[in-house]
Amino acid sequence: MRTTAIVLLGVAALVACKKKEEAAASSSAPVTVTATASTARPDFHNPADPGFAAQAPDSFRTRFTTTKGDFVLEVHRAWAPLGADRFYNLVRSGFYDGVRFFRVIPGFMAQFGIHGDTAVVAAWRERVFADDPALARLVGNLSLASTDFARLWAEHPVQLCTHGVKRYHHPRVGRIDLQFEVLHLPENDGYRLLLHHAVPGSLDDDALRLLASDTVTA
């Protein structure tokens, strides 16, 4: 997926699509955000990089180009300031270029944003922020305005976990972050095929190759 501009954003996207008539968070038109040139991008492995610290405009739009077509997200900072700032900086940096969608609930939301580099995923894993009161108010207003939204938000429907990242601690090589995919067999007899692999060229890949070589013996 390429951008020319995480559940928080699913909420924002839902509102932008269904309630644009209520979307005016400011009198000015939304700014169009584009990813910066690769040479000017902050280091994805360092969330503390000043390049991720800019405040988002009052409202902005970003276009995503995917294998299934383009879509545009319109974000209004007043609805969730912390989430909007994070999203704005990640979009500007090109963080989402090449990422995959990992969960889609038709008519409700689509989730994406897990970077393909496991070292980047690990660096951002602890970068959580406090609950956003503006987002809590938004969820409350949406729940009052839409019985469908209130039901889906209360149910928090969970789909089968088919892919992601798992972290292992090996006694010989230490921590290894591996991408995984789960294949559910059509017979539905409870059997699953679980596949693991490391990002090519990563430290995790080196660790797997070391384990597979004769260098490490039992």
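Can you name the number of the only condition in (1) open to solvent by less than 50 Å² (accessible area, probe 1.4 Å); (2) part of a helix (DSSP H, G or I) that residue 74 fails?
For residue 74, the exception is condition (2).
Determine the pairs where a residue that is at negative phi, located within the range 113-125, has a partner that is part of a loop (DSSP other than H, G, I, E, B) and open to solvent by less than 30 Å² (accessible area, probe 1.4 Å) with Cβ atoms under 6 Å apart, the partner being 6 or more residues away or on another chain.
Taking only residues 6 or more apart or on different chains, the pairs are 123/47; 124/47.
In the range 115-137, is there at least one residue being touching a strand residue (DSSP E or B) at 6+ places or on another chain (Cβ under 7 Å) and not in a helix (DSSP H, G or I)? Spell out how you get there, then give the answer.
First, the residues of the range 115-137 that are touching a strand residue (DSSP E or B) at 6+ places or on another chain (Cβ under 7 Å): 118, 121-122.
From the residues that got through so far, the ones that are not in a helix (DSSP H, G or I) too are none.
Checked against the condition, which is being touching a strand residue (DSSP E or B) at 6+ places or on another chain (Cβ under 7 Å) and not in a helix (DSSP H, G or I), the range 115-137 yields no hits at all.
I'd like the residue in the range 155-200 that is among the hydrophobic types (A, V, I, L, M, F, W, C) and outside any strand (DSSP E or B) and, out of all such residues, is modelled with the lowest pLDDT.
So the first thing to find is which residues in the range 155-200 are among the hydrophobic types (A, V, I, L, M, F, W, C), and the list is 158, 160-161, 165, 173, 176, 178, 180, 182-183, 185, 193-195, 198-199.
Subsequent filtering for residues that are outside any strand (DSSP E or B) retains 158, 160-161, 173, 185, 198-199.
Numbers: 158: 57, 160: 61, 161: 63, 173: 85, 185: 65, 198: 88, 199: 86.
Out of the qualifying residues, it is 158.
In the range 78-101, is there at least one residue being of a type in the set (Phe, Trp, Tyr), open to solvent by less than 40 Å² (accessible area, probe 1.4 Å), at pLDDT 85 or above and assigned to a loop (DSSP other than H, G, I, E, B)?
Checking the range 78-101: at least one residue is of a type in the set (Phe, Trp, Tyr), open to solvent by less than 40 Å² (accessible area, probe 1.4 Å), at pLDDT 85 or above and assigned to a loop (DSSP other than H, G, I, E, B).
Test residue 152 against the stated conditions and say whether it is open to solvent by 90 Å² or more (accessible area, probe 1.4 Å) and either assigned to a helix (DSSP H, G or I) or modelled with pLDDT of 85 or more (or both).
For residue 152, the condition - open to solvent by 90 Å² or more (accessible area, probe 1.4 Å) and either assigned to a helix (DSSP H, G or I) or modelled with pLDDT of 85 or more (or both) - is not met.
Suppose we filter 51, 10, 69 for residues that are modelled with pLDDT of 85 or more and either under 23 Å from residue 129 (Cβ atoms) or among the aromatic types (Phe, Trp, Tyr) (or both); which single one remains?
Selected residue: 51, the only one of 51, 10, 69 that is modelled with pLDDT of 85 or more and either under 23 Å from residue 129 (Cβ atoms) or among the aromatic types (Phe, Trp, Tyr) (or both).
Among the small types (Gly, Ala, Ser), buried (at least 16 other Cβ atoms within 10 Å of the Cβ) and either part of a loop (DSSP other than H, G, I, E, B) or modelled with pLDDT of 60 or more (or both) - does that describe any residue in the range 26-40? Lay out the reasoning, then the answer.
Taking the range 26-40 first, the residues among the small types (Gly, Ala, Ser) are 26-29, 35, 37-38, 40.
Narrowing the set further to residues that are buried (at least 16 other Cβ atoms within 10 Å of the Cβ) leaves 35.
Going one step further and asking which of them are either part of a loop (DSSP other than H, G, I, E, B) or modelled with pLDDT of 60 or more (or both), we end up with 35.
Yes; the residues of the range 26-40 include at least one that is among the small types (Gly, Ala, Ser), buried (at least 16 other Cβ atoms within 10 Å of the Cβ) and either part of a loop (DSSP other than H, G, I, E, B) or modelled with pLDDT of 60 or more (or both).
Could you check, for the range 123-139, whether at least one of its residues is in contact with a His (Cβ under 7 Å, 6 or more places away or on another chain), more than 22 Å from residue 65 (Cα to Cα) and surrounded by 15 or more Cβ atoms within 10 Å (Cβ to Cβ)?
yes
Let me spell it out: the conditions are (1) closer than 24 Å to residue 47 by Cβ; (2) of a type outside the set (Asp, Glu); (3) modelled with pLDDT under 80, and residue 113 meets all of them except one. Which number is the exception?
(3)
The values are calculated or read from the model by the stated rules, or taken from the named source; none is laboratory data. In this text the structure is predicted, and so the values were computed from the model without any measurement. No Cβ is skipped: glycine too gets one built from the backbone with ideal geometry, and neighbour counts run over all protein chains shown. The protein model used for the area step is the full one, side chains on, heavy atoms only, and it has no ligands, DNA or RNA in it. Shrake-Rupley method; radii C 1.70, N 1.55, O 1.52, S 1.80 Å.
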